[in-house]
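Values quoted throughout were computed directly from the atomic coordinates according to the rules given, and no laboratory measurement underlies them. Keep in mind that this is a model prediction, so the values were computed, not measured. In this analysis, Cβ positions are derived from the backbone assuming ideal geometry, glycine residues included, and neighbour counts consider all displayed protein chains.
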Amino acid sequence: MDQRNFTYMFYGFAAAWVILAAYVLTLVARERRLAGQVESLKRMLEDREKK
Amino acid sequence: MTPAVEVQKAWKYFGDYPALRSISLDVPAGTCLALLGRNGAGKTTLLRILSGLSNPSEGSVRILGHGSRDYQARARTGMIGHGIGIYDELSAAENLRLFARLFHVRDAEQTVQQWLTRVSLDRVQNSVVREFSRGMRQRLALARAFLHGPSLLLLDEPFTSLDDRAIALLQSLLADALKGGATVIMSTHQLREAMELATHVALLDRGKLAHSGERPVQMLADPTWLYRTYGDSQ
Amino acid sequence: MREKILYVLGVAATLLLVRNLYVIFITLPDEQDQGAIYRIMFFHIPAWFVCFTAYFLAGVTSVLYLVKKQFKYDVFSVSAVEVGLAFTLIGLATGSIWARIIWGIWWTWDARLTWAFITCLLYAAYLMMRNMMDDASTRARFAAVVCTFAFTSVAITFKAIEWWRTQHPGPVLSLPGRSAGGTMDPEMEAALRLNYLALFVIAGVLIAVRMNQEKRLREVESLRRQVHAM
Amino acid sequence: MRFLRQTASIAAKDLRSELRTKDSLNAAGSFALVIIVLFSFMLDPTETQTVYELSGGLLWLVFAFAGALILNRSFARELPNDCLDMLVASPVSSSALFLGKATANFTLLLVVELVCLPVFGGMYNLSRWSTHLGPLLGVVVLGTWGVTVIGTMFSAITVNLRLRELMLPILVYPIMIPCLMAAMKLSTVLISGEAITGDDWIWLRLLIGFDIIFTSLSLLTVDFVLVS
């Protein structure tokens, strides 16, 4: 079996896993951003209610 | 007699945020209701629902005994919103003709001419609105709203941004309409202008109906009385 | 609790995927015509099925949103589209690499490839449009309409494209009632089925995670309005 | 009856205000002509056979680009002075409003196309382009209707977005692909001076089906777009 075939097979699987991982990472990033936003907005609301 | 407007437990959500919370309000026919409340209290949202521009998320709204998007309800309602709602590229007469046709006004051409005369735009009726002054456009917008002899008038901040002549015109138009048995609902900050006409008041506070009923006598002398009595203390 | 179950499921599916990799690489022999590269199919085909299913469900939930006006349908719809898009990219990437060896080219305007590409563009535009809208209710309504149109069009495009000549290899899985297929070794088929399972579970977990985020986003917007109203 | 009168009023209103400014007609028309000229650098204009083979594709690209310009203006025209609110609040049903605006857009785009068609045929020496003029116009009408129905709907959806001029084409072109595909195929055949035969009937059916499906889908869903 020629070597190229194996290399490309590896690329194929790598690509699939990388895309999957990249998507999971965007999910994580979004999760963080949302958590930050909720926190700061809640703080803002509390501050305003105190006044 | 059925009320001109019946609102039952109406809620309006923007996403998760309730802009209107369980509003129940009957407006008897032939009355003039001043809708009061601070910015963001939900006045515009409520008026948009009554105008058929928006559906309530929950609850029911009847306009003149019909559903708020029904032909019968819409054909008998006149409205003035934040924008003047006329086309800059069309002439005064063309604007009125368009709405006369959309509202199925009988003797459309004659009615259009009458209204152009009434708002003193008959001499410039074939000029494009783009060339009009602010005051002229405002008067045209008033003619557009009253053109089809509506039984219900919905006015969102009608006095803001009007010039003196247009305010006088609007007041006389409203007085005539009320005399003719029409119902008027207006949201306003200009309490003095509104109190001369208002027979009823409703106060919205953060999407809730804080008070509604006949206009208290105190408000004639002291327009902010209602805010102090029923609004929050801020 | 729900989150824990999700994580457990996600980890289990990933482990299954890794185990499958082992089976695919070590146990299974090379295919006689294609050699080693055929193994890409174990990822490629299930990825496509995941994305078809996701788009289909997104279309159905969009219609449901318009009928019932409940946010859960909208939330599912975006999540399914987004995860579907990720799997479309997987399908395109693996397919393209496979094509490089078997057909000698990275890309060809073959019917199914073209279709996948169009679909990708369309749903990416859908997600872009959602990002530009600030009011959750308007966004949900408009997105549902767009998604309904998109799904209808994509279905028609799929059909239309069948009338063009295709050079994509035919179905290889032996489904009951489909006599033309079934040219595959049972051992391979078992591995493929397991990969289906793993990828579908992973997609499900991703969709569920994404759905939570969409709910959070609505919460953020509502808080923002509250701050604004004060 | 009432429905048709209102549809006509809305269409007439849009056409009248467009004719007064001619903004989108001029823009779409000159844009289309510019692209037709640009094609001459892309292919050898003297190789008429090649131009025949590409004619349908080229023409519909031009039409689709020109269409986007017209469609972008369709609902944007209602933005100043909040005119759209007035129309929605008037006793016009959302579907009549939609059909009226779609009719106006259809007419405008058709005018641009009817100018482009002979110009294209003449400039590239396609002597056979008008031999099946009737069927060709039929295809143009069907294809244009498909483009305008989708476009009008999405014009309403994208009108309040920032970057609406960009978002409309991005959303609309992938959705119209079946319609454009069919229109391109059929136009190529007809411009080449042949009749629609055999396998090509399926494209005509696709085109008609597309128009019917998306017209009904739009009429069913406009209300969700216009009434909040």
Checklist outcome for this item: The answer for trypsin sites (Lys or Arg not before Pro) in the range B:93-156 that fall in a DSSP coil and have at most 14 neighbouring Cβ atoms within 10 Å is B:Arg106
Item to check | Fewest-first sequence of B:Cys32, C:Cys120 by Cβ atoms within 10 Å of each Cβ | outcome: C:Cys120, B:Cys32
Next on the checklist: Give the average, rounded to an integer, of partner chain Cβ atoms located within 10 angstrom of each Cβ in C:144-156.
Outcome noted: 6
Checklist outcome for this item: Expressed as a whole number, the average count of other chain Cβ atoms within 10 Å around the Cβ atoms of A:14-27 is 6
Checklist entry - chymotrypsin sites (Phe, Trp or Tyr not before Pro), restricted to the range B:132-170: which are DSSP loop and have at most 15 other Cβ atoms within 10 Å? => result none
Next on the checklist: With viscosity set to 1.567 mPa s at 4 °C, what whole-number translational diffusion coefficient in µm²/s follows for the protein assembly as shown from Stokes-Einstein and a Kirkwood radius over Cα pairs?
Outcome noted: 44 µm²/s
Item to check | Exposed trypsin sites (Lys or Arg not before Pro) absent - longest run of chain D, DSSP non-H/G/I/E/B, at most 13 other C-beta within 10 Å | outcome: D:23-161
Checklist entry - About its Cα centre, what dipole magnitude does the protein assembly as shown give when the only charges are +1 on Lys and Arg Cβ and -1 on Asp and Glu Cβ, stated in debye to the nearest 20? => result 1760 debye
Checklist outcome for this item: The rounded separation in angstrom of the Cα centers of the range D:149-170 and the range B:74-117 is 28 Å
Item to check | Among beta bridges that DSSP assigns inside the protein assembly as shown, antiparallel share in %, nearest 5 | outcome: 55 percent
Checklist entry - How big is D, in µm² s⁻¹, for chain A by Stokes-Einstein at 37 °C and 0.692 mPa s if Rh is the Kirkwood radius over C-alpha pairs? => result 228 µm²/s
Next on the checklist: Quick check on chain C: helices-only [θ] at 222 nm, where DSSP H runs of length 4 and up contribute -39,500 (n - 2.57) each and the sum goes over total residues. Nearest 500, please.
Outcome noted: -27000 deg cm²/dmol
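Taking 35 Å as R0, compute the FRET efficiency from the Cβ-Cβ separation of C:Val23 and C:Trp103 and round it to 0.05.
About 0.85, to the nearest 0.05.
Restricting to DSSP H runs of at least four residues, report the calculated mean residue ellipticity at 222 nm for chain D, -39500 (n - 2.57) per run over all residues, nearest 500 deg cm²/dmol.
Helices in chain D give a 222 nm mean residue ellipticity of -28500 deg cm²/dmol.
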Checklist entry - Say R0 is 25 Å: what FRET efficiency, to the nearest 0.05, do D:Val119 and D:Leu19 get from their beta-carbon distance? => result 0.70
Item to check | Percentage relative contact order, chain B, counting C-alpha pairs under 8 Å, at least six apart | outcome: 27 percent
Checklist outcome for this item: Only helices counted: for chain B, with every DSSP H run of 4 or more residues adding -39500 (n - 2.57) and the sum spread over all residues, [θ] at 222 nm is -10000 deg cm²/dmol
Checklist entry - So for chain D, taking the charge dipole from beta-carbon charges (+1 Lys/Arg, -1 Asp/Glu), which of D:Gly57, D:Met86, D:Gly29 sits furthest toward the positive end? => result D:Met86
